[in-house]
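Below is one structure, written out as structure tokens, with a few remarks after it.
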Amino acid sequence: MYSGIGPRQRGYRVEEQEDFPIGHWGRFQSAETESAYESAGLAPDLKRARFLLWLMSFAVLLFFRQDYVLFGYSTGLYVGAGLRLAFLACCGLALLRFRRPITTHVLENWMVMCCLFLAVQMLFGYASRPLEKMSHALNVLAILALAMMIPIRFSYQVIGSAAFAAVTFLVLLSKRPDPFTAFSVFFVTVLSVAFGVITAASMHRVQRQRFAAHQSEIELRQSLESATAEIKTLRGMLPICAACKKIRQDDGIWRQIEAYLQEHTEAQFSHGICPDCRERLYPEFIPRKKT
């Protein structure tokens, strides 16, 4: 996501940009602005996606030995290994695809696909273990990561984390846990979903507000530069003739002051005659004062 810092921040609070309204799902209401935001944030999103894919692939490899200890050479081991290999293959294809130019939409589709493979193999491992060995903490970590770290749109984060939490809790209930365990897992799961969703919503809004502030700054700077380019000013010493009032240019040519000022400023001239010159040059046209 975009991480530029705009001018309209006060401490850690970024003011809402009236020219760039943001909808309820954390996206700009203007499709053009949203597209510009996604293009600006594609590079950091791609970098984060690569890091997460490598990290998740390494973590999945560590569970092969745990599957062998739990299942031995049985059907559970082969099914689990097949799901994990499918996830690793999906991650590998995604990393290969990310080596070529992509769009935000393509990046999002690949990350959603990898998350689905990861969720399926995690749910299998969660459901195939006895109640005392079910990894509730790992599920909470997966919910938080899906809600806050995966570079996908906010609506996908909400739906994905809520659906994963609901399915894991149903799997837990199918094993008939005691009421205290069921309530504890339910409370922690709901809390993790709520925390992840609220944090993700804040992150999406703040990042877009920063982008909007940056865009406003660029537009303002362009307006100022355009206005400055239209203003012509004269500075320094101007050599002027004491008699005819012509101005000497840098190339040594003397020009009428009107022509020089029109070339170097935005001034335009309309000729007239002042009272002193009229009295000196055309005294016959001046009405005589009555005595």
Per-region count, the stretch 60-74, residues closer than 16 Å to ALA86 by Cα and either in contact (Cβ under 8 Å) with a residue 24 or more places away in the chain or of a type in the set (Lys, Arg) (or both): 4
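Table: residues versus (1) touching a Leu at 6+ places or on another chain (Cβ under 8 Å); (2) among the hydrophobic types (A, V, I, L, M, F, W, C); (3) assigned to a loop (DSSP other than H, G, I, E, B); (4) at pLDDT below 90.
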residue: ARG65; (1), (2), (3), (4): no, no, no, yes
residue: GLY80; (1), (2), (3), (4): no, no, no, yes
residue: ALA86; (1), (2), (3), (4): no, yes, no, no
residue: ALA94; (1), (2), (3), (4): yes, yes, no, no
residue: HIS105; (1), (2), (3), (4): no, no, no, no
residue: GLU108; (1), (2), (3), (4): no, no, no, no
residue: MET122; (1), (2), (3), (4): yes, yes, no, yes
Breaking point among (1) within 30 Å of GLY23 (Cα to Cα); (2) buried (at least 17 other Cβ atoms within 10 Å of the Cβ), for ILE159: (2)
Checklist (1) at pLDDT 75 or above; (2) surrounded by fewer than 10 Cβ atoms within 10 Å (Cβ to Cβ); (3) assigned to a loop (DSSP other than H, G, I, E, B) applied to ARG235, failing item: (1)
Residues that are surrounded by 17 or more Cβ atoms within 10 Å (Cβ to Cβ) and either in contact (Cβ under 8 Å) with a residue 60 or more places away in the chain or outside any helix (DSSP H, G or I) (or both), drawn from the stretch 178-199: none
Where ILE150 falls short, out of the listed (1) of a type outside the set (Lys, Arg); (2) assigned to a helix (DSSP H, G or I); (3) buried (at least 19 other Cβ atoms within 10 Å of the Cβ): (2)
Conditions (1) within 25 Å of VAL69 (Cα to Cα); (2) of a type in the set (Gly, Ala, Ser); (3) touching a residue at least 60 places away in the same chain (Cβ under 8 Å); number of the one not met by ALA142: (3)
Residues of the stretch 53-88 satisfying the condition of being aromatic (Phe, Trp, Tyr), closer than 24 Å to ALA145 by Cα and surrounded by 13 or more Cβ atoms within 10 Å (Cβ to Cβ): PHE63, PHE64, PHE87
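The values are calculated or read from the model by the stated rules, or taken from the named source; none is laboratory data. Please read these numbers as outputs of a predicted model, since none were measured by experiment. Glycine also receives a Cβ, built like all others from the backbone with ideal geometry; neighbour counts cover every protein chain displayed.
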